[in-house]
Amino acid sequence: MQPLRIALAQIGPRLGAFDDNLARHHDLLRDARAAGAGLVVFPELGLTGYLLQDLAAEVAIRLDDPRLAELAAGTDGLSAVVSFVEESADHRLFIAAALLEDGEVRHVHRKLFLPTYGLFDERRFFAAGDVLRAAPSRLGVGVGLSVCEDFWHLAVPQLLALDGAQVLVNISASPGRDLAATNEVGLGTASSWRLLMRTYAQLTTSFVVFCNRVGVDESITFWGGSEVIDPSGRPVFSAPLFEEGLFTVDVALEDLRRERVALPLLRDERLELEARELGRIIAERAGMAADTTAASGAAPGLDVAPPEPYESPAADAPARTAGPVRAAEPIRLRARRR
Amino acid sequence: MATVPLDDAGRPLFELPAELAIDTDVARRVISGFIRGQLRQAGFERCVLALSGGIDSALVAYLVAEAIGPANLLAVLMPYRTSSPASRADAEAIVADLACQSELIDISPMVDAYFGREDLAGAAGPEALAASAIRRGNLMARTRMAVAYDRSVTFGGLVVGTGNKTESLIGYTTIYGDNACAFNPIGDLYKSQVRQLAAAIGVPRQVIAKAPSADLWPDQTDEGEGGFSYPLLDRILYWRVDRRRSLEELAGMGFERALIERVDRLMATSEFKRQVPPIAKLGPRTAGVDYLYPRRRPGSARA
């Protein structure tokens with residue numbers, strides 16, 4: 001069996017410039033084909049840039065957009081994963097990843113988990129997808145698509161693998177942050193991602209293909225570091241951090257069989273157990289069933305009781321911050337300039 | 001682990017609290033890409049910065065030179081007549097070391113034209129002859145800002161900010177003065193981290209070692225004026241802001257409670273300096289509220 005050559009298009013899209021990014025995709029698809037790639041992966045929102053805010057509606061395309069069909073037309077004998085803002089018929093905007101194969105749009109995954117915390121504000125601008133499906137592929141193995149934050153939820157890689165995916169593709173626009181010198185590669189984000197991806201590859205005995213963008217949108221620098229990890233959790237390839245490029249790596253799909261025979265974790269998964277316990281937890285959280293695992297005193301739907309009964313502070317009790325904590329010497333720290 | 005260079009007497013050049021140490025190689029790569037990205041998106045190729053001779057603007061000068069080359073950097077030296085000659089000498093040493101472009105603009109006539117000088121009243125009238133140090137310092141900072149933005153036009157470069165995270169969080173900055181800029185490459189680095197990065201990138205040792213000062217009057221120093229040491233202040237801010245520790249938890253770690261409370265108060269009272277001013281919400285779409293676009297988008301770059 002010939003190795004599968006995967007091309008990771010670790011690019012820095014131009015924010016809001018759909019046509020420029022589209023032209024870049026066409027060029028890179030051509031380059032990847034010339035390099036003998038069988039699977040080409042572009043990052044999250046590679047066709048539009050990430051930090052779109054109100055631009056999202058202006059760069060959104062429908063799935064029947066001729067520009068998407070044109071891009072798909074370039075995938076004869078090739079698989080490609082591309083990403084854009086999809087506007088549905090009912091005018092919801094999704095962050096979409098599409099699997100293009102043999103000239104067609106074979107599968108579309110709509111980002112399920114939209115981070116809206118910390119530096120993220122995705123739920124404000126986008127709708128969350130509702131469907132998670134593995135897709136059959138011309139590669140001869142099932143492909144599971146996910147977008148960035150989707151991979152920070154354990155169920156996603158597991159469901160994709162159970163649904164038949166043997167290659168888990170995650171496309172990301174991950175902002176680099178936390179430069180603490182104690183990190184593995186000087187970047188906390190990279191350390192966290194690598195840990196979870198290697199764990200998923202091992203636990204699902206699947207290939208993990210990660211394509212993360214580079215470049216800058218506003219304050220944010222995306223860190224790249226795209227990876228391919230084999231079904232034993234071993235990184236086969238790690239792209240450089242922050243550098244733009246089309247990186248190719250060969251993988252042996254037979255490794256899937258070897259690993260799954262030697263380590264039949266997927267065979268041993270207990271779906272009925274998960275479904276049963278999930279059913280119970282869902283009913284309990286909704287307050288529709290007595291919670292058998294909650295601490296006594298917990299409100300319906302909450303597993304945890306308050307740590308101790310709340311007592312209002314007595315009126316004559318000393319305030320917590322008053323008293324002896326006052327410094328003996330005045331501290332002169334103050335800002336002088338206005 | 002991060003290492004701190006030694007001075008001639010074999011002592012560490014500065015104190016770097018362990019939790020604040022960063023990977024300086026990664027920081028330089030991120031900042032270089034950030035600077036180039038900001039310029040590209042705005043349609044510029046050059047930068048202008050106010051170079052004081054202090055460590056913050058020195059570090060930014062080295063970072064900009066590393067990102068786009070020294071020929072594309074204009075360092076503007078803007079002393080006032082009471083500014084320390086040592087500051088100017090340090091600024092000139094930085095310009096020489098980087099081989100960047102530079103201009104010297106004495107802001108004394110501009111500032112004196114407003115406040116007056118000796119017993120000759122200026123535009124602000126006789127009362128202003130006795131203007132406080134705060135008023136004078138603020139006008140100097142805003143005059144330098146005005147000059148930097150003028151040079152932005154003549155040189156065709158974006159004004160780069162040089163404020164660090166420590167001074168921004170406690171509000172030790174003049175709004176629309178030294179904090180005015182097109183973008184800021186070091187605004188998320190504490191002073192201790194500025195020192196660490198400055199040492200890594202090759203800022204002259206005397207600039208790293210000297211006491212930080214706004215140099216708005218003779219012998220002023222930040223730490224003397226504020227009554228704090230930067231490493232201590234940086235640690236409090238880091239645990240409070242970045243690591244979300246409560247006042248109680250910080251006190252439990254051994255920080256003096258009165259100092260934590262003081263720092264909290266400084267952060268709260270200076271919140272306005274870190275934000276865009278609010279606009280009264282009247283229409284259907286309001287900038288910054290529900291009209292939200294990236295600062296730079298297709299069509300926004302200078303042609």
Residues that are over 20 Å from the mean Cα position of the chain (by Cα) and not in a loop (DSSP other than H, G, I, E, B), drawn from the range A:216-245: A:G245
Exclusive hit being free of Cβ contacts under 8 Å to residues at least 40 places away in the same chain and within 14 Å of another protein chain (Cβ to nearest Cβ), set B:T24, B:T3: B:T3
Test: residue in the range A:166-187 that is closer than 22 Å to A:R5 by Cα, free of Cβ contacts under 8 Å to residues at least 40 places away in the same chain and either assigned by TED's automatic domain parsing to the domain that holds A:G233 or of a type in the set (A, V, I, L, M) (or both): no
Residues located in the range A:88-113, provided they are buried (at least 22 other Cβ atoms within 10 Å of the Cβ) and part of a loop (DSSP other than H, G, I, E, B): A:K111
Within the range A:123-147, considering residues that are farther than 19 Å from A:S79 by Cα and touching a Phe, Trp or Tyr at 6+ places or on another chain (Cβ under 9 Å), the one surrounded by the fewest Cβ atoms within 10 Å (Cβ to Cβ): A:A128
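On the basis of being charged (D, E, K, R) and either within 10 Å of chain A (Cβ to nearest Cβ) or assigned to a loop (DSSP other than H, G, I, E, B) (or both), does B:R285 make the cut?
yes
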Output for the range B:251-294, where each listed residue is closer than 18 Å to B:T173 by Cβ and basic (K, R): B:R262, B:R265, B:K273, B:R274
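Step by step: first the residues of the range A:243-257, then only those that are over 16 Å from A:P43 (Cα atoms) and touching a residue at least 24 places away in the same chain (Cβ under 8 Å), then the one that is surrounded by the most Cβ atoms within 10 Å (Cβ to Cβ). Which residue is that?
So, considering only residues that are over 16 Å from A:P43 (Cα atoms) and touching a residue at least 24 places away in the same chain (Cβ under 8 Å), the one surrounded by the most Cβ atoms within 10 Å (Cβ to Cβ) is A:V251.
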Unmet criterion (only one of (1) within 14 Å of chain A (Cβ to nearest Cβ); (2) more than 17 Å from the chain's Cα centre (by Cα); (3) in a helix (DSSP H, G or I)) for B:A96: (1)
Count of residues meeting criterion [buried (at least 22 other Cβ atoms within 10 Å of the Cβ) and more than 20 Å from A:D268 (Cα to Cα)] in the range A:190-209: 5
Conditions (1) in contact with a Pro (Cβ under 7 Å, 6 or more places away or on another chain); (2) under 20 Å from B:G177 (Cβ atoms): number failed by B:D97: (2)
Qualifying positions in the range B:42-55 - surrounded by 22 or more Cβ atoms within 10 Å (Cβ to Cβ) and either within 8 Å of another protein chain (Cβ to nearest Cβ) or part of a helix (DSSP H, G or I) (or both): B:I55
Top-ranked residue of the range A:148-189 - restricted to ones that are crowded, with 18+ Cβ neighbours inside 10 Å and of a type in the set (D, E, K, R), ranked as farthest from the other protein chains (Cβ to nearest Cβ): A:D150
Unmet criterion (only one of (1) buried (at least 21 other Cβ atoms within 10 Å of the Cβ); (2) within 25 Å of B:V48 (Cβ to Cβ); (3) within 12 Å of chain A (Cβ to nearest Cβ); (4) not acidic (D, E)) for B:A200: (1)
Any pair with Cβ under 8 angstrom, 6 or more apart, that starts in the range B:252-264 at a residue that is at the interface with chain A (Cβ under 10 Å from one of its Cβ atoms) and farther than 15 Å from B:Y238 by Cα and ends at one that is surrounded by 17 or more Cβ atoms within 10 Å (Cβ to Cβ) and of a type in the set (G, A, S): B:R257/B:A251
Residue check, B:L233 in a loop (DSSP other than H, G, I, E, B), facing chain A (nearest Cβ under 9 Å), touching a helix residue (DSSP H, G or I) at 6+ places or on another chain (Cβ under 7 Å) and aliphatic (A, V, I, L, M): no
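The values are calculated or read from the model by the stated rules, or taken from the named source; none is laboratory data. No experiment lies behind these values; they were computed from the predicted model shown. FYI the Cβ positions are ideal-geometry reconstructions off the backbone, even for glycines, and counts take in every protein chain you see.
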